[in-house]
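The values are calculated or read from the model by the stated rules, or taken from the named source; none is laboratory data. Remember, predicted model here, so these are calculated numbers, not experimental data. All Cβ positions, even for glycine, are placed from backbone atoms using ideal geometry, and neighbour counts span all protein chains on display.
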Amino acid sequence: MDFFLQLLVNGLSVGFLYGISAMGFVMIFKSSSVLNFAHGEILALGGFIFLALVVSAEVPVIPAFLLTLCASFALGFVIERLFLRPLIGEPLIEVVMLTVGLASVLKGFMLLVWGGNLHTYPDFLPGWLELNWHSIQVAPVYTASFLVGISFLVVFGLFFKYSSQGIYMRSVADNQTAALSLGVHVKKVFALSWAIAAMVAALSGIILGIMNGINVHELSSVGLKVFPVVILGGLDSIGGAIIGGLIIGLLETFTGGYVSTSLKDVVPYVALVFILLIKPYGLFGLVEIERV
Amino acid sequence: MSLRKLNFHPCGNYKESYFQELSIFQTDFGRLWSVIGLIVLFAVVPFLSGPYTLYIINTIGIASIAAIGLNILIGMTGQISLGHGAFLGVGAYAGAVLATSANLPFYRAIPAAGLVTAMVGMVFGIPSGRLKGLYLTIATLAGQFIIEYILIHWEGVTRGTMGITLPSPEVIGIEISGDLSFFYIIFIALAALTWGAVNLARTRHGRAFIAIRDNDRAAEGMGIPVFRFKLLSFGISSFYAGVAGAIWAYYMVSVTTEPFSLTLSVEYIAMVIIGGLGSISGSIFGAAFITILNELLRYLTDYLMNSGGIAGMELNFAPIRELVFGLAIVLFILTEPKGLAEVWRITRSSFKLWPFSY
């Protein structure tokens, strides 16, 4: 029973992180219908910027954290401006392949600068974050990730609901042409959604880095694990991303705990195929209606 | 009895029938040049090139076969697949198992491996019945991971991480080995499969593929059974991958699971994009471009490491390769989205029209 509960707690915490990682991904897809294969690399880059600030430049943790978020915000902005904007209106595969190429460039850059080894952050999380309940332990990083994640969700919820930029973004996601004709600056919205997505990605990169250490390959592979999550939740639903993340996290941890550890990595994809066959637009996704 | 008049390039579009529109060679010189090209390829090229060059040419040939297959799926039918690398792996293992356990000679094992891969490809094409666009791409991504997992963990057949060693192929008792004899195996297969692919575009099946790419709803409205043709496209594309994989297995003597990762799939999509979507000659250009780029980068990093100038730095092949490879894709998409085939067409027509370029 204890084993079960511990797995449950681990699964939920991992899943919550997957959900947060998937959030940025969904945001880009929702506003500009781009499937971002470079998400994992942007996430990893966030982790590495934080590493460079904290370890090499010895900036205190909280300013470093904020600086990383700002840098990633700028990075997302630049990526959209340089690479994605010229491709507005081009066929799907070119946009997809561009993000694949971008992923490759970013990964090569990170490998050149930081190498393929495992780096770790210094231990800076306060001890009171560790929760103990009977025999179940929740590591401080899980608590921290939960707190940070929830606060981000609340901030973004408010942003989308009340701020004018948030309302613009929602209108573009809803109907691009209509938004354009009502005077919404759609290109600005695209840029902003890339910037915010990169920022959220960096946040999850930092948290994953605290949890498992920072390694280019490990972190960028999270970008691929995002796919089952978003498909389960629905490609264009932010709330669905969190719930999909929780389900995939649980699925993965329980398979790892009870069946076999090697099956752990492939199970999300098997689930993905079945979800696609049964409910192609996910649990909360918008069903597309097509006309000739 | 007089000879047919020679066809030259007309100074305008004077096609009178659909047959003329479909013809592969616009002029008789085109036909002549392709025959000359084939003769040069088979009779001159292998004897002029050293073993290393021949190795690269062979690698390009194998990559071209698989890239043509992928181009049929992506460029002709419009279904983006991220699982091509895994299909190559299925072909390699099918070839290896058929050659060792079933003792098939290579000229049967290679097509049989192609057929096995075509079946597997059709199974992983089933999601295309309900999905399209990005959703299908994600489904094929899942296919890539699932096949990779099966290849590693189905140890009874694939021998896991140990790999399988293949016997050298034999023709009427004579053992074939070495780059030169493989050159003939590879390029005969490539020529036959290219011929098949070029002509596929002219059949009703090929036209159905193109209709599905351009608008699948409209295609369905015109009476094309879309799902069946999508599956067929997956099958044909995987057949090409399987043949390429099996030849690769024979050429490399042993197969392991490592090369058939997502990176390989991405590399093949890069070939198709850089070469030119929907263009058969483009696939070959793309395959040559990526293979030569890989070799150049390997050579360059070796050179930098040995020159000693930066011996202290931990410099290895992977990051630079990754960086340049990604950059090549990004630059091609941003500057010449129609790929090398378009560059080739522009160069050729500027020669043809010289000195009056308009």
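For the reader, a short list of remarks on this structure follows.
- Consider segment A:95-123 and keep the residues that are loosely packed, with under 14 Cβ neighbours inside 10 Å and hydrophobic (A, V, I, L, M, F, W, C). The one that is nearest to residue B:325 (Cα to Cα) is A:113.
- Segment B:250-266: number of residues that are surrounded by 24 or more Cβ atoms within 10 Å (Cβ to Cβ) and at pLDDT below 90: 3
- Filter pass, residue A:92 being under 25 Å from residue B:322 (Cα atoms), at the interface with chain B (Cβ under 8 Å from one of its Cβ atoms) and at pLDDT below 90: yes
- Where a residue in segment A:145-169 is surrounded by 14 or more Cβ atoms within 10 Å (Cβ to Cβ) and its partner, wherever it lies, is aliphatic (A, V, I, L, M) and not in a helix (DSSP H, G or I), with Cβ under 8 Å and at least six apart: A:168/A:184
- Members of segment A:128-142 found to be surrounded by fewer than 16 Cβ atoms within 10 Å (Cβ to Cβ) and at pLDDT 75 or above, listed by number: none
- Segment B:285-311, subset surrounded by 15 or more Cβ atoms within 10 Å (Cβ to Cβ) and farther than 18 Å from residue B:56 by Cα, residue modelled with the lowest pLDDT: B:305
- Pairs linking a residue in segment B:333-351 that is crowded, with 17+ Cβ neighbours inside 10 Å to a residue that is among the aliphatic types (A, V, I, L, M) and not in a loop (DSSP other than H, G, I, E, B), with Cβ atoms under 7 Å and 6 or more positions apart or on different chains, are B:333/A:97; B:333/A:98; B:333/B:273; B:339/B:273; B:339/B:274; B:340/B:274.
- For residue B:197, the conditions (1) surrounded by fewer than 19 Cβ atoms within 10 Å (Cβ to Cβ); (2) farther than 17 Å from residue B:133 by Cβ are fulfilled apart from (1).
- Residue match in segment A:257-273 (condition: closer than 21 Å to residue A:4 by Cβ, more than 13 Å from chain B (Cβ to nearest Cβ) and surrounded by fewer than 21 Cβ atoms within 10 Å (Cβ to Cβ)): yes
- Among (1) of a type in the set (Ser, Thr, Tyr); (2) modelled with pLDDT of 80 or more; (3) surrounded by 14 or more Cβ atoms within 10 Å (Cβ to Cβ), the one test that residue B:158 misses: (2)
- Count of segment B:50-88 residues which are part of a helix (DSSP H, G or I) and either without any contact (Cβ under 8 Å) to a residue 24 or more places away in the chain or more than 19 Å from residue B:137 (Cβ to Cβ) (or both): 16
Quick grid of which residues meet (1) closer than 25 Å to residue B:126 by Cβ; (2) touching a residue at least 24 places away in the same chain (Cβ under 8 Å); (3) of a type in the set (Phe, Trp, Tyr); (4) touching a Leu at 6+ places or on another chain (Cβ under 9 Å):
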position	(1), (2), (3), (4)
A:228	yes, yes, no, yes
A:233	yes, yes, no, yes
A:237	no, yes, no, yes
A:242	no, yes, no, yes
A:254	no, yes, yes, yes
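- In the set A:63, A:122, only one residue is outside any loop (DSSP other than H, G, I, E, B) and touching a helix residue (DSSP H, G or I) at 6+ places or on another chain (Cβ under 9 Å); that residue is A:63.
- Residue in segment A:30-49 that is surrounded by fewer than 19 Cβ atoms within 10 Å (Cβ to Cβ) and part of a helix (DSSP H, G or I) present: no
- Pairs are defined by a Cβ separation below 7 Å, a sequence spacing of at least 6 or placement on different chains, a first member in segment A:103-115 that is at the interface with chain B (Cβ under 7 Å from one of its Cβ atoms) and over 10 Å from residue B:320 (Cα atoms), and a second member that is among the basic types (Lys, Arg) and in a helix (DSSP H, G or I); no pair meets this definition.
- Some residue of segment B:114-131 being farther than 30 Å from residue B:165 by Cβ, free of Cβ contacts under 8 Å to residues at least 12 places away in the same chain and crowded, with 19+ Cβ neighbours inside 10 Å: yes
- Filter result for residue B:212 (outside any helix (DSSP H, G or I), surrounded by 16 or more Cβ atoms within 10 Å (Cβ to Cβ) and at negative phi): no
- Hits in segment A:216-241 (condition: away from chain B (no Cβ under 13 Å) and assigned to a loop (DSSP other than H, G, I, E, B)): A:237
- Counting only residues that are away from every other protein chain (no Cβ under 14 Å) and small (Gly, Ala, Ser), segment B:243-278 holds 5 of them.
- Of the residues making up segment A:71-89, those that are under 25 Å from residue A:206 (Cβ atoms), more than 7 Å from chain B (Cβ to nearest Cβ) and touching a helix residue (DSSP H, G or I) at 6+ places or on another chain (Cβ under 8 Å) number 11.
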